[in-house]
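Before I ask anything, let me first share the structure, which is written out below as structure tokens.
The values are calculated or read from the model by the stated rules, or taken from the named source; none is laboratory data. None of the values given here were measured: they were computed from a predicted structure. Neighbour counts run over all protein chains shown; Cβ positions are idealised from the backbone, glycine included. To get the accessible areas, we keep the full protein, side chains included, count just its heavy atoms, and leave off ligands, DNA and RNA. Shrake-Rupley method; radii C 1.70, N 1.55, O 1.52, S 1.80 Å.
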Amino acid sequence: MGDKAHTHPGAAGRAQAADRPTSVRNVVLVGHSGSGKTTLVEALALTAGAVNRAGRVEDGGTLSDYDEIEHRQQRSVQLSLVPVEWNGIKVNLLDTPGYADFVGELRAGLRAADAALFVVSAADGVDGSTRMVWDECAAVGMPRAIVVTHLEAARADFEEMTRVCAETFGGDDPDAVLPLYLPLHGPEGPDGHAPVTGLIGLLTRKLFDYSSGERVANEPVGDQVPMIEEARGRLIEGIISESEDETLMDRYLGGEDVDVKTLIDDAERAVARGVFFPVLAAAPAAPGARQGLGTVELLDLITGGFPTPLEHGTPAVTTPDGRPRELKPCDPDAPLAAEVVKTSSDPYVGRLSLVRVFSGTLRADQTVHVSGHGLTDRGHEDHDVDERVGALSTPFGKVQRPVSHVIAGDLACVAKLSRAETGDTLSSKDDPLVMEPWEMPDPLLPLAIEAHSKADEDKLSQGLARLVAEDPTMRLEQNQDTHQVVLWCLGEAHADVALERLRSRYGVQVDVVPHRVSLRETFGGKASGRGRHVKQSGGHGQFAICEIEVEPLPNGSGIEFVDKVVGGAVPRQFIPSVEKGVRAQALKGVVAGHPLVDVRVTLLDGKAHSVDSSDAAFQTAGALALREAAADAKIHLLEPVAEVSVLIGDDYVGAVMSDLSGRRGRVLGTEQSPGGRTLIRAEVPEIEIGRYAVDLRSLSHGTGRFSRRHVRHEPMPPQVAERIKEEAHAAT
């Protein structure tokens, strides 16, 4: 954090397995798409020496077949791990996508990390999604720091961005968000823009010049001195106000010159406790240079100020039968408790699982117990099995460097866990454990798909199963009403990646078809029908006649069948046949192919033949009677209605409520939520919210969230119902 002496970072890729938890730092990078997270990771790796022969770290992590997708989408779509070493500390850098569709990858990164580095573009500012993630980190006390990027942009203003960060992230205490360094500007260019060539350390009163491609320390001169002293005074007061030494503020205000080491130590402790949030600046190295601007300072902060895994509590752990289990935090000698935070496929080594070890030590070739994550409601197969761990490795670009073991606090890749899915717990086969799952967003954008060909149909089921095993933010639905295969995603980009994965990784080509909601049909009033099935074709014929009455029932009643036949007009053995035929026809629908519900069907009369009547004949007659009754009756189409809860910033309430009304929604009420947000509850027909995940994001500039739950079916407006009936008739 100050002007420290640095040990040589070592040869490229030296950061492998850690030998003790105190020598590990797990840091997740958070920020909106385009803020420069991946570029920053590359710059940090370059400074730490973890680069390839081309002088560049390749895409870290475990998804080597994503290059094409990321290149096409021009953004990261996956969580990736780049481990580097600095001053004898292994730093696991977890780079996350910034786009909202891939928030599942972000949540996995937050789970695996002990601190967060918020990356903010000096040109673009702080977006609403980044603010929400900051609030989530604050709620659990995760230590955070802020790094400002894109200082080279013409409209970049570090001082203004620092003020915005203090206002946005500081809440009631903006002095908890303060810069540790100020930018050092070079001469103005022809465009009037003065490039940032170095940093001014406020605590050490030193200048760090990066213009040569190497970090060179100098003393401030001229008008730099008063500028430093003003900002330094505010920084010292901010650090001391969060100090555990309550006498320090009195001593400082009394005129005592607090030494730099005390200030740095206090700042690092405040950062680790999650009460002080320093702002730094960084920029990638110029071609041929070894160090990017601010990267040394950032690595010093990470290794000196961010907490070790020992300071981060273990997620709640239970036995498989639900009994709580206490584990000593981050003890390599304790029972094994590790979690799969990412699952992927590699073309050379097969399935890879990125694992964070929270307790114990994971060893290569060890047999572990895999406890399922309980996401069976999303189409994930539940599982509770023993599996043999394959090779353990730490990623270095696309190369996996083997390690023999992974201790508590560290991350590594595990090969050949064929049943383990993202979110699963790995533990000792003799002492199985289950870790409390992290919160995952509910996928709310439906993608109905069909196999493109017979060959694709044969591979589709297995490809989809693997897809959802890797991504718990996807939900697979086999809709029994519409007979569609539906992949529920977080947004259009998420859906696009899913289709690309199916094609490129599993060789399955699919066609996207319109998503259909599960409609119902019901009678609008009483009606009668006569089913006559009489055929003579030589030998035994077919003879069955039945007369029924149909009347509507209250919502949710289903199909009720009543027998009122007298005098044996329909023999007793054939009455169940009539009911079976009625129910079969009701399942197929009577006007538009949707199941018939909420009616009472009463069998009043009929005729039978002593030889030609049969079970099949009366089933057919029952179905014909129901169809005839429907032909003379008013049939309502019932549509599913969902209760939607929308959490939105107060500025967007009017626009969202107007939009819900335009979707035939009925607002049930609103209530204030913390952070200047409002919760809107409304009932909306499901046919109107198929793309609401996309539309709400557009309405709220990415800050709105919603949930939905089915509440009932209710009659569709006549004009909408008529259109659907016409479409159904045209299709037949």
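So which residues in region 205-236 are surrounded by fewer than 15 Cβ atoms within 10 Å (Cβ to Cβ), assigned to a helix (DSSP H, G or I) and of a type in the set (D, E, K, R), if there are any at all?
Within region 205-236, 229, 230, 234 qualify.
Something else: Restricting the first residue to region 214-225 and requiring it to be in contact (Cβ under 8 Å) with a residue 60 or more places away in the chain and on the phi < 0 side of the Ramachandran plot, which pairs with a second residue that is surrounded by 12 or more Cβ atoms within 10 Å (Cβ to Cβ) and among the aliphatic types (A, V, I, L, M) meet a Cβ separation below 8 Å and a spacing of at least six or different chains?
214/289; 215/296; 217/207
Further question on the same structure: Note down all Cβ pairs under 7 Å where the first residue falls in region 566-590 and is more than 25 Å from residue 632 (Cα to Cα), the second is surrounded by fewer than 19 Cβ atoms within 10 Å (Cβ to Cβ), and they're at least six residues apart or on different chains.
The qualifying pairs are 574/615.
Yes/no per residue for (1) open to solvent by 10 Å² or more (accessible area, probe 1.4 Å); (2) touching a Pro at 6+ places or on another chain (Cβ under 6 Å); (3) assigned to a strand (DSSP E or B):
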| position | (1), (2), (3) |
| --- | --- |
| 463 | no, no, no |
| 469 | no, no, no |
| 497 | no, no, no |
| 547 | yes, no, yes |
| 565 | yes, no, no |
| 570 | no, no, no |
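Hey, among the residues in region 237-250 that are open to solvent by 70 Å² or more (accessible area, probe 1.4 Å) and either in a strand (DSSP E or B) or free of Cβ contacts under 8 Å to residues at least 60 places away in the same chain (or both), which one's nearest to residue 145 (Cα to Cα)?
Going through the qualifying residues, I end up with 244.
Have a look at 454, 535, 459 and point out the one that is in contact with a Phe, Trp or Tyr (Cβ under 9 Å, 6 or more places away or on another chain), more than 24 Å from residue 644 (Cα to Cα) and free of Cβ contacts under 8 Å to residues at least 24 places away in the same chain.
Details: 454 fails: in contact with a Phe, Trp or Tyr (Cβ under 9 Å, 6 or more places away or on another chain); 459 fails: free of Cβ contacts under 8 Å to residues at least 24 places away in the same chain.
Of 454, 535, 459, the one residue that is in contact with a Phe, Trp or Tyr (Cβ under 9 Å, 6 or more places away or on another chain), more than 24 Å from residue 644 (Cα to Cα) and free of Cβ contacts under 8 Å to residues at least 24 places away in the same chain is 535.
Does residue 638 meet the test of being over 17 Å from residue 522 (Cβ atoms) and in contact with a strand residue (DSSP E or B) (Cβ under 6 Å, 6 or more places away or on another chain)?
Here the answer is no, as residue 638 does not meet what is asked.
Exactly one condition in (1) of a type outside the set (Gly, Ala, Ser); (2) within 26 Å of residue 518 (Cα to Cα); (3) at pLDDT 95 or above is not met by residue 637; state its number.
It is condition (3) that residue 637 fails.
Residues are listed down the side, and each one gets a yes or a no for (1) assigned to a strand (DSSP E or B); (2) modelled with pLDDT of 90 or more; (3) open to solvent by 10 Å² or more (accessible area, probe 1.4 Å):
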{"site": "330", "(1), (2), (3)": "no, yes, no"}
{"site": "333", "(1), (2), (3)": "no, yes, yes"}
{"site": "339", "(1), (2), (3)": "yes, yes, no"}
{"site": "387", "(1), (2), (3)": "yes, yes, yes"}
{"site": "421", "(1), (2), (3)": "no, no, yes"}
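Mind checking which pairs have a first residue in region 707-732 that is open to solvent by 90 Å² or more (accessible area, probe 1.4 Å) and a second that is at pLDDT below 90 and among the β-branched types (Val, Ile, Thr), Cβ under 9 Å, 6 or more apart or different chains?
Close Cβ pairs satisfying both conditions: 729/591.
State all residues of region 125-164 that are within 22 Å of residue 188 (Cα to Cα) and of a type in the set (Asp, Glu); if no residue qualifies, say none.
Listed by number, the residues that qualify are 152, 157, 159, 160.
If you go through region 433-454 one residue at a time, do you hit one that is of a type in the set (Asp, Glu), in contact with a His (Cβ under 6 Å, 6 or more places away or on another chain) and either within 25 Å of residue 494 (Cβ to Cβ) or part of a helix (DSSP H, G or I) (or both)?
Our first condition is that a residue be of a type in the set (Asp, Glu); within region 433-454, this holds for 436, 439, 442, 450.
Keeping just the survivors that are in contact with a His (Cβ under 6 Å, 6 or more places away or on another chain) gives none.
Checked region 433-454: no residue is of a type in the set (Asp, Glu), in contact with a His (Cβ under 6 Å, 6 or more places away or on another chain) and either within 25 Å of residue 494 (Cβ to Cβ) or part of a helix (DSSP H, G or I) (or both).
Another question, if that's okay. Looking only at residues in region 389-404 that are open to solvent by less than 60 Å² (accessible area, probe 1.4 Å) and part of a strand (DSSP E or B), which one is farthest from residue 488 (Cα to Cα)?
Per the criteria, the residue is 403.
Hey, another quick one. For the condition farther than 30 Å from residue 104 by Cβ, open to solvent by 20 Å² or more (accessible area, probe 1.4 Å) and touching a residue at least 60 places away in the same chain (Cβ under 8 Å), what is the one hit in 524, 606, 558?
Of 524, 606, 558, the one residue that is farther than 30 Å from residue 104 by Cβ, open to solvent by 20 Å² or more (accessible area, probe 1.4 Å) and touching a residue at least 60 places away in the same chain (Cβ under 8 Å) is 524.
Please go through region 162-188 and give me each residue that is of a type outside the set (A, V, I, L, M, F, W, C) and either at positive phi or open to solvent by less than 30 Å² (accessible area, probe 1.4 Å) (or both), ordered by number.
Result: 162, 170, 171, 179, 181, 183, 186.
Could you tell me which of the residues 655, 629, 617 is open to solvent by 10 Å² or more (accessible area, probe 1.4 Å) and not basic (Lys, Arg)? Let's see the steps before the verdict.
Working: 629 fails: open to solvent by 10 Å² or more (accessible area, probe 1.4 Å); 617 fails: open to solvent by 10 Å² or more (accessible area, probe 1.4 Å).
Criteria check complete, one pass: 655.
For residue 133, state whether it is under 29 Å from the mean Cα position of the chain (by Cα) and open to solvent by less than 10 Å² (accessible area, probe 1.4 Å).
So residue 133 fails the test.
Would you please name the residue that is most open to solvent (accessible area, probe 1.4 Å), looking only at residues in region 136-152 that are within 15 Å of residue 113 (Cα to Cα) and assigned to a loop (DSSP other than H, G, I, E, B)?
Per the criteria, the residue is 141.
Same structure, new question: Among the candidates 313, 292, 360, 304, single out the residue that is more than 18 Å from residue 204 (Cα to Cα) and either under 25 Å from the mean Cα position of the chain (by Cα) or open to solvent by 10 Å² or more (accessible area, probe 1.4 Å) (or both).
On the way: 292 fails: either under 25 Å from the mean Cα position of the chain (by Cα) or open to solvent by 10 Å² or more (accessible area, probe 1.4 Å) (or both); 360 fails: either under 25 Å from the mean Cα position of the chain (by Cα) or open to solvent by 10 Å² or more (accessible area, probe 1.4 Å) (or both); 304 fails: more than 18 Å from residue 204 (Cα to Cα).
The conditions single out 313.
So if I check each of 297, 256, which one is of a type outside the set (Ser, Thr, Tyr) and open to solvent by less than 20 Å² (accessible area, probe 1.4 Å)?
Exactly one residue qualifies, and that residue is 297.
Let me ask you something else. Residue by residue through region 523-562, note down the ones that are polar (S, T, N, Q), closer than 20 Å to residue 712 by Cα and modelled with pLDDT of 95 or more. Please lay out each step first, then the result.
So the first thing to find is which residues in region 523-562 are polar (S, T, N, Q), and the list is 528, 536-537, 542, 555, 557.
From what is left, the residues that are closer than 20 Å to residue 712 by Cα are 555, 557.
Hits for region 523-562: nothing passes.
With the condition kept exactly as written, say whether any residue in region 564-577 is within 28 Å of residue 727 (Cα to Cα), of a type in the set (Ser, Thr, Tyr) and in contact with a Gly (Cβ under 9 Å, 6 or more places away or on another chain).
no
Here is a further query. Taking interchain pairs and intrachain pairs at least six residues apart, which have beta carbon atoms under 6 angstrom, with the first residue in region 251-272 and farther than 19 Å from residue 25 by Cβ and the second in a helix (DSSP H, G or I) and among the hydroxyl-bearing types (Ser, Thr, Tyr)?
258/252
Within region 299-312, is there a residue that is outside any helix (DSSP H, G or I) and more than 24 Å from residue 38 (Cα to Cα)? Give the derivation first.
As a first pass, look at region 299-312 and keep what is outside any helix (DSSP H, G or I): 306-308, 312.
Then keep just the ones that are more than 24 Å from residue 38 (Cα to Cα); that gives 312.
The answer is yes; a qualifying residue exists.
Just wondering, is there one or more residues in region 689-700 that are open to solvent by 20 Å² or more (accessible area, probe 1.4 Å) and touching a Lys or Arg at 6+ places or on another chain (Cβ under 7 Å)?
Among the residues of region 689-700, not one is open to solvent by 20 Å² or more (accessible area, probe 1.4 Å) and touching a Lys or Arg at 6+ places or on another chain (Cβ under 7 Å), which makes the answer no.
Let me ask another. Could you check how many residues of region 67-97 are modelled with pLDDT under 85 and touching a Gly at 6+ places or on another chain (Cβ under 6 Å)?
The number of residues fulfilling the criteria is 0.
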